[in-house]
Amino acid sequence: MSAPERRNGTPPPPDTDPPADEDFARTYAAGYEEGVRSGLREVLQHTSRGHTAQELRILVESRLARLEEEVELKRRSLLAPPRRPAWNSLLRAPQAARAWTPTFGGSTSATLRMGPGRSLLVKEDRPARALEILRASVHDFPRAAIVSLRPPELPGVSKERRLDIVPNGSELANGAKLSPGEIGGHLREPTEAAGGALVYIDALEYLSGEYGLELTLKFANWVVGQVETTGSALIVSFDRRSLDTRELSRLERAFQAVV
């Protein structure tokens, strides 16, 4: 059967659409390129934060272990109806309509709550605002990991849902102190478990005095990267008076938000 003609009697132009195989190859190549770019950007991000080769290996292995799950979630999100992304805002108030504007030296109109993958540095003389955010957010996560010389009370959180890490070893049978690397080892299990963990730290000043600033900064960068890749969250209470302006700036750059 001959091809249909146009009304003016001239035949239609030949079909110029690429074959289906070419469309598939082009789409696959574009997705592959974007995946490689995303992976390399993440490695560069971790490298710029001063991670050692061993830390980079751990971060990459952790991401590879979760890759199949992430791909499946991505596939489902592409098939599902469009919806507003949950990571639209860094910090969310109990009511979505209430936006939060930080005010230094004052109070906020609503208690802040942390979202998955987020990190916050709270500069304060003594843990106060950070504890408010911790208690407002802790029920949004299946577990909490507390790094503190004096672990705070968390009403409504059972012992099974919290892990207390005391760096000076006061709660250990042999009284041994915990180095930043050992603390990181304790944090790995709760953050990498299903649903992640809310991590709270108010002992960076102690770690800096015991192990030096450089190791403490590397530890802070590692924890930030860990919560980002595991869907956990991090709140750090820090006394700005313990560091000079330049050192404090280096610490601030590790976090997604500072108040």
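The values are calculated or read from the model by the stated rules, or taken from the named source; none is laboratory data. None of the values given here were measured: they were computed from a predicted structure. No Cβ is skipped: glycine too gets one built from the backbone with ideal geometry, and neighbour counts run over all protein chains shown.
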Here the residues within segment 111-137 that are surrounded by fewer than 16 Cβ atoms within 10 Å (Cβ to Cβ) and either over 16 Å from Asp202 (Cβ atoms) or at pLDDT 95 or above (or both) are Thr111
Could we say that Glu228 is within 19 Å of Arg113 (Cα to Cα) and either in a loop (DSSP other than H, G, I, E, B) or touching a residue at least 24 places away in the same chain (Cβ under 8 Å) (or both) here? yes
Which of the residues spanning segment 19-45 are modelled with pLDDT under 65 and either part of a helix (DSSP H, G or I) or under 19 Å from the mean Cα position of the chain (by Cα) (or both)? Ala20
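Being more than 17 Å from Asp239 (Cα to Cα), at pLDDT 90 or above and among the polar types (S, T, N, Q) is the requirement here; does Thr191 meet it? Lay out the reasoning, then the answer.
On the way: more than 17 Å from Asp239 (Cα to Cα): yes; at pLDDT 90 or above: yes; among the polar types (S, T, N, Q): yes.
In short, yes.
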Filter segment 153-184 for residues that are loosely packed, with under 10 Cβ neighbours inside 10 Å, modelled with pLDDT of 85 or more and polar (S, T, N, Q) and give the result. Ser158
